[in-house]
Each structure stands twice: as structure tokens, then as C-alpha cells.
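Nothing in this text is a laboratory measurement; each read-out follows from the coordinates by a stated rule. On a predicted model such as this, the values are computed, not experimentally measured, just so you know. Note that we place each Cβ from the backbone using ideal geometry, even for glycine, and neighbour counts take in every protein chain shown.
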Amino acid sequence: MKYWLFFKISLQDILTYRFDLIMRTFRYAMNIVLISFVWLAIARETTMTSINTQDIVRYYFFTAILYGLSNFHTDNIEEDIRLGAISKYLVKPINAFWLYFIYQGTTALLETVIKMTVMVPLLFVLGFSFGIDLLHLLGFSISLPIIFFGMFSLYFGLSCLAFWFQAVESIRISIMFCFRFLSGIFVPLIFMPPGFLSISRWLPFQNLAFQPVEFLQGKLSTTDSIAFFVSLVVWTALFFLFQNFIWRKATHSYESTGI
Amino acid sequence: MKKYPRIYFQILRMTAALMMTYRLNLLVQGSFMIVYLLGFLFLINIVFSKTQSLGGWTRDEVILLFSVYTLIWGIIESFFFEGLRQFSISGVKNGDLDKVLTKPVNAQLLISFSTPNPATTPHEVFVAVLFIHQLFILHGQLYPANVLVATFAGFCSMGILFFLYSSYATLAFHFTNSSQALRALETISDNAQYPTKIYPQWLQPFLFSLIPIAFLGYVPTSFLLGRGDWKLLWITIGVLIGSFFINQFAWESGLKKYSSASS
């Protein structure tokens, strides 16, 4: 119940600064729209027949919806640790992880909803069809909170390194960039070298953008779909265990004065 | 006027000393930026594995465009972007502007140039090497007159970017949280590494004005390669003058609206 209250407070807090929310949504959406235009230009100029314009544009519009679920900043957690504000959660019957999760999750939820309401009509306006069925849309929708939960766990764990180091932002952002680049958000992974594709099947990157979008477009076989969901859940669980381990280690011998 | 370089040098010295306090962070940041650049070069290679040209530009020309864009962005980030970003986050909301307004210096200049970022130096060196390498490859297309015009266009572009980014930062006077406006420009600027001509006709006027990614690389590189014409030069000068007046108006109206938040 208390976490439901946190959700409502977070929602009110985010909606107070509507301009910032709109700009944040614009930022991600515009970036992906520009990238899709790059690939449209390639499709116009290439002699390769394997590049399908419809598929590329749809791919980028769907990744635009997914973008905010793996690309967000947890610098507020690092600041709370550095300045000691985290202490107040340690002496109250509140779990800091869930508190930050709800705040960040509310932002991601709002962003995703706004992006869906903007991007889907925009796709139609530009003359492209949606081309998905209800079953795949349902599966895709289920994968969204799992993706966010896994990535939040990872970033929370990395932010908790601030218990030991003064500045950990660069470590977190470096890892975020690796995920951004290797997940297929910038380049559909079908354009990557075949060796990379076979290796990355076992890594968490594909689960963030490439696999969900392929699943949504009905391009994955039943076996591949199951493998995608199993991989997503396993990696999410590992990231959750990682943050749990770091948090326990950090708070085991934590000292704070003056609060 | 002499005091401004002296003040800037002092700020730079203090910032460098502060950064050296967190050496691990500095090391990771420096390495990450180079990896980031390599990632983008990899991306360009993937693009050109599918096509021979992009918007009529060859692979080597696009890499030159990428190096120019990265150099200009690096200069922006080293000198004024961080200052404007900090201002948009806390300058008005937390009343940090009070401390600036009471000093006998130009407030806008002090805000913009008060947070230099020397951490970009290693990647600037890396990009400068890449830029020179590309110049050697494309030396057949380079003429002294074009280099002169490109240098002029480069300075105009940096002026435009300063005035426009600075104008966006003044949104902090009107909205409590407006930092995402500058972050949006930063994220979108990643697309400046491709020739602006590949984007749809209806979008291009925006890329030469409101979202000025064309000036980050495309305009100077076009002149360098002899692809620029008089029309593009007049557009650049026109946008520079226009952005200057927009900037003046934005700061004046913002400061009129401002009331002290502290004490």
C-alpha cells in the first residue's frame, strides 16, 4: 500500500514538470526518427535488395518506444549516497531499491505511454502500416516491465558503487552506452557481422531492443520466442541478484553522521 | 576585456585540479569517450558496407564530416556547454544566478564559461589525428580558398551554436525544470555525423535553425570539400545574425522576469 502511495506521489511530481517530460520524450523520439531517416537514405542508395524500407522504419519506431526502458539516469541515487540522504531510508521500514524503482518506473511508464500515443499515429501519417497482431503485442507488452526491471537493477547496482567511489557516473554511462549500441537500438542487428550475432545471443544486449521488436513483428519462431523470454528473465534475475549483493555489501558497514 | 581570459584561465585551473581529485572517474571518462568515438566509426563502417555513398558523400568524406562534428562538439563541450547545462538545472531554481549577478562581469559569459570540461582533451587529440588523416586522404579535393571559407563557416557555426544553446538555457527562467531541452539537443546532435541532405526536405529548415545539427559538421565540411555554395554561406551568416538577436532577447526577457530565490 505504501508503495502505491509512492507511485501516486511520483506521478504527481513528474506531472508537475510537464515541459521537462515533453522535452525528454521529444529527445528520445526525435533521435530515433533521425536515425530511421539515415537508414531510409541507405535503402534509397544501396544496390542491396535485402533492405526493406517498411521493416526499417517500423523497427526504429518500435525501438523508439523501447528506448526509455534501458536508457535512463540513476544519478539521483549516486547523489543521495554521496550526500548521505540515503540514510533516511535505512532507518525507516522502506526498501530503498523499491522506492527508487517506483520513481524511475513511473517516469519510464509515462514516457512509454506518451511515446506510444505519439509514435504510432506518426507511423500512419508517414504512410507506414503497423503490421502486428494482438498476440505479439501482448507478449511485447509483457516484456516491457521485465526489460525495465532488469536494467534498473543493473543501474542501481552500479550507482551503489558510489558507496566506495566518489564519482561513478562514467562507469554507469559507459555500460549504458555498450547496451545502447549492442542492443540494436542504433543499428538493427541483422546488419552486424554474423559472428557478432551468434555471440550476442548469449548476452543480455539483444533482449533490450532487437529481440522484442523482432518478436513484435512476428519474425521469431516459437522456439526463438521462448528462448528470448527465458533469456530475458534469466538476465533480469542475475541483474537483480547483482544489485542485491552490492547493496548488502555497501550497507553492511555503512556509517553516517549528522542526520 | 583583458580580465575575461584571466578569469577563464583561473576557472580552468580550478576545474582541472578538481577533476584530478577523482582520477578513476577521469580515466574512465577519457577512455569511454574514445570507445564512444570508435563505436561511431564502426557505425559508419556498417553504413558503408551497405552502400557506396550517402547523400552523395563517400565513406572518406563522411569520416571527415564525423571528425569535424566531433571536433566542434568537443570544443563546445570543453568551453561552454556544461556551464549552460548547469545553469538550466540549478541556475534559476536554486538561486545560483544571484552569485553571478552581483559580480562585475558579464553574467551570460560567466554562466556559460564557468564550467569548462578539460576531460574532453584526450578525445579531442584523437579526433584531431583522425581529421588530419582524412585531410591527407582527401587532399585532392582541398583548395586554399575552400579551407579559408570552411574556417570562417566553422567559426560562424560555433557562434550560432553558442547563441542558440544559450537561448535554450534561458528556458530556465520560464520553467522550473527545463534541463531536458539542452539534453535533447545533445542527444539529437549524435545525428550530425551524417550529411544533412539525407534528411527529408521538410525537416531540413529545422536542422538549420531550431535543432542546429547542420552547423555541427555539415556546413564547415561542405565548404572544406568544395560542396558549399553562396546560398549556404548566406544562410550561415543569416542564421548567425538571427541567433544573436534571439539570444539577446531571450537573456534580456529572462533577466527581467528573474527575481532572487536566495536569502
Most exposed to least, judged by fewest other Cβ atoms within 10 Å, A:Tyr28, B:Tyr8, A:Tyr3 sort to A:Tyr3, B:Tyr8, A:Tyr28
Quick one: of A:Lys2/A:Lys92; B:Lys2/B:Lys103; A:Lys8/A:Lys92; A:Lys92/B:Lys93, which pairs are farther than 18 Å apart, Cα to Cα?
A:Lys8/A:Lys92; A:Lys92/B:Lys93
Please compute the net charge surrounding A:Trp164, taking Lys and Arg as +1 and Asp and Glu as -1 over other residues with Cβ under 12 Å from its Cβ.
+1
Summing +1 for each Lys or Arg and -1 for each Asp or Glu, what net charge is found among the other residues whose Cβ lies under 15 Å from the Cβ of A:Gln12?
0
Tilt of helix B:121-137 relative to the longest C-alpha principal axis of chain B, in degrees (0 to 90, nearest 10)?
20
Rough spin-label spacing in nm, given labels placed 7 Å along Cα→Cβ, for A:Ser129 and A:Thr53:
1.6
Using DSSP H assignments, which helices in chain A have an axial alpha-carbon span of 27 Å or above and a mean Kyte-Doolittle hydropathy of 1.6 or higher?
A:134-159
Please give the net charge around B:Pro195, taking every other residue with its beta carbon less than 14 angstrom from that of B:Pro195, where Lys and Arg add +1 and Asp and Glu add -1.
+1
If each residue's Cβ is checked for other Cβ atoms within 10 Å, how do A:Arg248, A:Arg27, B:Arg183 rank with the fewest at the top?
A:Arg248, B:Arg183, A:Arg27
For B:Phe249 and B:Phe131, extending 7 Å from Cα along the Cα-Cβ vector and measuring point to point gives, in nm, a value of 3.3
Over what distance in Å are the Cα centres of the range B:1-34 and the range A:144-196 separated?
27
Please give the charge dipole size of the range A:2-251, origin at the Cα centre, charges +1 on K and R Cβ atoms and -1 on D and E Cβ atoms. Round to the nearest 20 debye.
420
Can you give me the angle between helix B:59-76 and the longest principal axis of chain B, using Cα atoms only, in degrees from 0 to 90, rounded to the nearest 10?
10
Kindly put A:His136, A:His73, B:His139, B:His123 in sequence by how many other C-beta atoms sit within 10 Å of each C-beta, fewest to most.
B:His139, A:His73, A:His136, B:His123
Relative to the longest principal Cα axis of chain B, at what angle does helix B:230-257 sit, 0 to 90 degrees, rounded to 10?
20
